[in-house]
Amino acid sequence: MLTFRKILAITMALSTVLASTLLKAESLESMQTGIEIGTSVPEISAIGIDKNSVNLNGLYGEKGLVLVFFRSADWCPFCKKHLIEINQWAEKIKQQGYHVAAISYDSPEVLKQFKDEAGISYTLLADVDSRTVNSYDVVNQKYKPGHRHYGIPYPGVMVIDTNGKLKDKYFYQGYKKRITAEHLLNKLN
């Protein structure tokens, strides 16, 4: 049986391969998904790892929120790599006035285990019945109800200001391609 440390070591070993997929945003073709930039975002319908309800107002930094949509911290190595990379930049993002939160259909227990084992410093959210993913219009259409992956989002990032307006979003074709945390920080500047 693979332990978390072995899985993490394998994931990190894939970083050379993944480096080519975690490209700067300008080199990627953006995907047309999600609510429109400039519109008000819906309230989130999620719980924290403590199983308490969370709302947007509790997540904002001075300038807003960086909301990361990801497939799974349980079975998706690309997601794990991206979440760990974002964690390395989370303090710098916070210094720019934004808090970071990441959301998936994973259970609070799965998220807590990943957070503890990977040392994630930002908020991880369990999207109950994928309500937030659906209301933000980023649910992956490849998986239909009844499929074990139904309810996962297209992986990406939304930047929301403190008035609840969508400032920017970064979603790309394919599950391997993500905006790098460094490039995201540069965009926030």
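For region 57-81, backbone nitrogen atoms closer than 14 Å to the point 7 Å from GLN88 Cα along Cα-to-C-beta are found at 80-81.
Which entries in LYS92/LYS115; LYS63/LYS115; LYS94/LYS177; LYS51/LYS187; LYS115/LYS187 show an alpha-carbon gap greater than 29 Å? Write out the running numbers ahead of the final one.
Values: LYS92/LYS115 19 Å; LYS63/LYS115 25 Å; LYS94/LYS177 24 Å; LYS51/LYS187 32 Å; LYS115/LYS187 26 Å.
As for pairs spanning more than 29 Å Cα to Cα, those are LYS51/LYS187.
Given a Förster distance of 22 angstrom, what is the FRET efficiency for LYS144 paired with TRP75, based on the Cβ-Cβ distance and rounded to 0.05? Step by step, r from the Cβ atoms, then E = 0.75.
Read-outs throughout are calculated quantities, based only on the coordinates presented, and are distinct from any laboratory measurement. None of these values were measured; they are calculated from a predicted model. Glycine gets a Cβ as well: all are built from the backbone with ideal geometry, and neighbour counts include every protein chain shown.
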